[in-house]
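Down below is the structure, laid out as structure tokens.
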Amino acid sequence: MRPLLRMYEFHKKEFGIHNNAFFRLVEEFLSRQLCSLLECSIKIFPDGIHPKRVRFGYEQEGIQEGLHEIFHFVERIAAYKNVALNGSLLGRIVVAGLDVSKVVAAGVGLDYTERMNDSKVKCYFMVRDYPEKVDQILSIHPPVDHIRDYLIHDVFMFGIDMYFDGRTGVEIYPFFDRKDLRDLELIDKLRLRKAIDGLIEEYNLLHISFDRGGKRILHVHPIHPTRFIHLLGNRQLSLVYSSVQIITYLLSRSPKPDSFSVNLALAENEIASGNLRNINLQYAITSRA
């Protein structure tokens, strides 16, 4: 079994996800050799968890074919009964005139909720040296004060949301590496000091996104996930992560270990208050096997 499918099957079994037409479709695309990335995600709330969130993707070497796969997946989802995906934003941003040579990676995800209208497909893209595409995305993105101050790298990541009820939107993910996080002038300019103070040495990489109200979400890629999660002191998170550690161990024992990573999305205001209530734990594998 492909490592991607092995991790996917583990995620379904461990978190009690029952097969339906949408997840069978995910498995179909995951089984193809071209697909090289899988990310599984668990949203943690005070009253429970939401684990029916997966994303798969393609790297630059196979990006042209990968984009075709992504569009095909969106079309297949849109064809299901009671699904009203609106592909106009995807068409405007990606299908019409995208310079594929500037695309570093791309992926597509399914977030399936019990309330069908709140389920969504999300397409992700990473581009390099593509200022006109950055300008286009920022013109659509909800207003954020001094949004260009976050864009300090030539690599730009964005996502396109397509809800099952026709709603659409875009999200950006500017990032900061360890060198950036030690630039106190930059940190103060972005008013990040309070959010990362005391934990900065634990960060390997930080992405930032914004909710529809402009509040910041910090996507932390910790150097040592186990230690970082212990420092956060959230019991529910620790319980979920203990399950993730099982698949990490199993995959590490394969003859050719694959690249495996863990990151967490945390609301800035919850970090500042010391009261983490809504956490998104994501774990991913990259493999061409």
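The values are calculated or read from the model by the stated rules, or taken from the named source; none is laboratory data. Keep in mind it's a predicted model, so treat the numbers as computed, not measured. Using ideal geometry, Cβ is built from the backbone for each residue, glycine included, and neighbour counts are taken over all protein chains shown.
State all residues of region 20-35 that are within 14 Å of GLY57 (Cα to Cα), over 19 Å from the mean Cα position of the chain (by Cα) and in a loop (DSSP other than H, G, I, E, B); if no residue qualifies, say none. If you could, list the steps in order and put the result at the bottom.
Residues of region 20-35 within 14 Å of GLY57 (Cα to Cα): 26-35.
With over 19 Å from the mean Cα position of the chain (by Cα) added as a condition, the list becomes 28, 31-34.
Correct list: SER31, ARG32, GLN33, LEU34.
Residues of region 232-243 being without any contact (Cβ under 8 Å) to a residue 60 or more places away in the chain and either surrounded by 13 or more Cβ atoms within 10 Å (Cβ to Cβ) or not in a helix (DSSP H, G or I) (or both), which ones? Correct list: LEU232, GLY233, SER238, TYR241. For region 122-139, filtered to residues that are touching a Lys or Arg at 6+ places or on another chain (Cβ under 7 Å) and more than 23 Å from HIS72 (Cβ to Cβ), the residue that is surrounded by the fewest Cβ atoms within 10 Å (Cβ to Cβ) is ASP129. Going through (1) within 24 Å of ALA106 (Cα to Cα); (2) modelled with pLDDT under 95; (3) touching a strand residue (DSSP E or B) at 6+ places or on another chain (Cβ under 6 Å) one by one, ILE172 falls short only on (2). Among the residues of region 15-54, the one identified as out of contact with any strand residue (DSSP E or B) (no Cβ under 8 Å at 6 or more places or on another chain), among the acidic types (Asp, Glu) and closer than 30 Å to GLU270 by Cα is ASP47. For the residues ILE17, ILE42, ILE77, ILE70, the requirement of being of a type in the set (A, V, I, L, M), in a strand (DSSP E or B), under 26 Å from ARG115 (Cβ atoms) and in contact (Cβ under 8 Å) with a residue 24 or more places away in the chain singles out ILE42. Of the candidates SER242, SER259, SER273, the single residue that is within 24 Å of ASP211 (Cα to Cα) and hydroxyl-bearing (Ser, Thr, Tyr) is SER273.
Mind checking which residues of region 217-240 are of a type in the set (S, T, N, Q) and either more than 20 Å from ASP47 (Cα to Cα) or touching a helix residue (DSSP H, G or I) at 6+ places or on another chain (Cβ under 9 Å) (or both)?
Looking only at region 217-240, we keep the residues that are of a type in the set (S, T, N, Q), and these are 226, 234, 236, 238.
Correct list: THR226, SER238.
Between ARG148, ARG76, the distinction of being over 22 Å from ARG212 (Cβ atoms) and either more than 16 Å from the chain's Cα centre (by Cα) or surrounded by fewer than 17 Cβ atoms within 10 Å (Cβ to Cβ) (or both) belongs to ARG76 only. Put simply, of ARG182, ARG178, ARG167 the only residue that is touching a Phe, Trp or Tyr at 6+ places or on another chain (Cβ under 8 Å) and surrounded by 12 or more Cβ atoms within 10 Å (Cβ to Cβ) is ARG178.
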